[in-house]
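The values are calculated or read from the model by the stated rules, or taken from the named source; none is laboratory data. Just so you know, these numbers come straight off a predicted model, no measurement behind them. With ideal geometry, Cβ positions are generated from the backbone for all residues, glycine too; neighbour counts draw on all protein chains shown.
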Amino acid sequence: MAKTVKKKSARVPRRKVCKLCLDRVEQIDYKDERRLMRAITDRGKIVPRRISGNCTPHQAQVTRAVKRARILAMIPFVADSYR
Amino acid sequence: MREYETVFILHPQVDDAGIDREIEAVSQIVAGGKGEVSGVYKWGRRRLAYPIRKVQDGVYTLIRFRAEPPVLREIDRRFKMNESILRHLTTHASGDPTAPDFRSRDRRDRGDRGDRGDRGDRGDRGRGRGGRFDDDGGDDADEAFGREGRRRSRGASGPRDE
Ligand SMILES: [Zn+2]
C-alpha cells in the first residue's frame, strides 16, 4: 500500500516584524500596565519572542518591565485561576 | 546625580497621615544625602495582582528624586525595616510617573473570559519548533502587542489544559 503522497500544505512563512519597532516604541515602562498585560499570556507568562515577533532589544525591555511590574503586584506572577 | 524613582506599596490600613509620613521619611533621606525630590505621585489605593501578606490592596506612591547611590541603599534599608511597607522598588526614573491605568488587569475588562480555561500556553510545544506558529500562532503574535481586542476572537479553539 503505497503511502499517499500527502501534499504538504504550502505554508508560506511570513517574516514577523517587531511591532514595537513598527510603533517606534523607545522605552517600555514597567508602569505601563496596559502594554504589559498584552505581553503576558493568560497564565501570566511572558510571551516568547518566537510568538510575539519582538526583536531582541525590545524583548529584553519587555522582560525587564514585566519582572518589575510583577514585583510591584501590578501584574501577576501566575494568573489567579492557576494559583 | 541621576534621577531615580521609588515606588512603595503601603499596607491598606495606613491612613493619609501615614502615607505622608512615609513620603516625608524618604524626602528626609534624600535631602540628607544632598539629593532632591523632584516629584511625589500618590497613586492611591489599588488592588494587588496577588495578595501580599494576606492583604489584597495596597496604597501606591511613587517618588522621583535625584541622589547619589548611598541614598538608594538607605531608602532600601529603611523600607525593609518598615512593617507597613508591603513592597518597594527603586529604578532609574523613566516613563510616566502618574498612576497607571490599572483597569486592564480586571478580567472583566479584558473581555469576559471568565472561567474559560487557559488556551494552554504550552500546548503548542509538542509541535516542535518547525514554525507552525505562523498559522495558529497568529493570534498570539497579535496578542503580544497588537491592538486590543484580538484576544476575544480566539474562542474555544485553543486546547485546554487543566
Ligand atoms: Zn523591536
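Only residues that are within 15 Å of the ligand (Cβ to nearest atom), at negative phi and surrounded by fewer than 22 Cβ atoms within 10 Å (Cβ to Cβ): list them for the stretch A:19-35, please.
Result: A:Lys19, A:Cys21, A:Leu22, A:Asp23, A:Val25, A:Glu26, A:Gln27, A:Arg35.
Of these, B:Gly18, B:Gly95, which one is closer than 18 Å to A:Lys31 by Cβ and either facing chain A (nearest Cβ under 10 Å) or not acidic (Asp, Glu) (or both)?
The conditions single out B:Gly95.
Determine if the stretch A:70-77 includes at least one residue that is more than 8 Å from chain B (Cβ to nearest Cβ) and either surrounded by fewer than 22 Cβ atoms within 10 Å (Cβ to Cβ) or at pLDDT 95 or above (or both).
For the stretch A:70-77, residues more than 8 Å from chain B (Cβ to nearest Cβ) and either surrounded by fewer than 22 Cβ atoms within 10 Å (Cβ to Cβ) or at pLDDT 95 or above (or both): absent.
Scan the stretch B:23-43 and give yes if some residue there is closer than 30 Å to A:Asp42 by Cα, touching a residue at least 40 places away in the same chain (Cβ under 8 Å) and crowded, with 20+ Cβ neighbours inside 10 Å, otherwise no.
no
Do you know which of the residues in the stretch A:36-82 that are small (Gly, Ala, Ser) and more than 14 Å from the ligand (Cβ to nearest atom) is nearest to the chain's Cα centre (by Cα)?
A:Gly44
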